[in-house]
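Take a look at the structure set out below.
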Amino acid sequence: MVVLTFARPLATLLGGLVIWISPAVQAAERVTLMVGPFSRSVEVKELRSFSEGSEPQGFIKAALRLSNIPHDRARSVLANRVDIPFTLLGRLLYTDLGEAFLGRIATIFYPRHAADAGVPALRSGAILSVARSDTGKLNPVDFLESYPNKEIVVDVPRLLYFLNRLNSIEEVAEFFREPF
């Protein structure tokens, strides 16, 4: 049964390679923030530009002003890179705990018009963003640019709840790096 244990990761790897070959067609172009029945969208390229140091424009500027978040703090969150080795990330996302984690995260971040595809889309986006990175680190904007759907929806109230409960994703990664 060795073939069966490798079938799932191999299928994902092959699917990821197909997505990797044509990233411009598959990458997220827009992030839609949902708060109840209200939504606003921001282009991923605007987030990239802001994270790299340009002044916020349009919705980003208005959101930062309304939330009273300093530009530097928001920029540092978008530019933050979490060091997680590619192989560790792959192993982590295919464990029972990884599946449960992705399932919870898929209620916060999911593809527009395909919410059922949230778990595979998250897994693919995370793995591809680390694989494409020259530093081997996970970054929010890189993740969005690797997400295999043109539009990713973010449920803002659920995201805020999750962020209040999670101390640090680096703590989670460190837990999986340590041997038992």
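Inside the range 110-157, can you point out the residues that are assigned to a helix (DSSP H, G or I) and among the hydroxyl-bearing types (Ser, Thr, Tyr)? Full working, then the answer.
Keep residues of the range 110-157 that are assigned to a helix (DSSP H, G or I), which gives 115-132, 140-146, 156-157.
124, 129, 146, listed by residue number.
Confirm whether residue 143 is aromatic (Phe, Trp, Tyr) and modelled with pLDDT under 85. Don't jump to the end; show me each part of the working.
On the way: aromatic (Phe, Trp, Tyr): yes; modelled with pLDDT under 85: no.
Considered against the rule, which asks whether it is aromatic (Phe, Trp, Tyr) and modelled with pLDDT under 85, residue 143 comes out as no.
Is one or more of the residues making up the range 43-53 assigned to a helix (DSSP H, G or I), among the charged types (D, E, K, R) and free of Cβ contacts under 8 Å to residues at least 12 places away in the same chain?
no
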### Query
Residues 104, 165: which one is of a type in the set (D, E, K, R) and at pLDDT below 85?
165
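The values are calculated or read from the model by the stated rules, or taken from the named source; none is laboratory data. Predicted, not measured: the structure shown is a model, and the values here were computed from it. Positions of Cβ are backbone-derived with ideal geometry, glycine not excepted, and every protein chain shown enters the neighbour counts.
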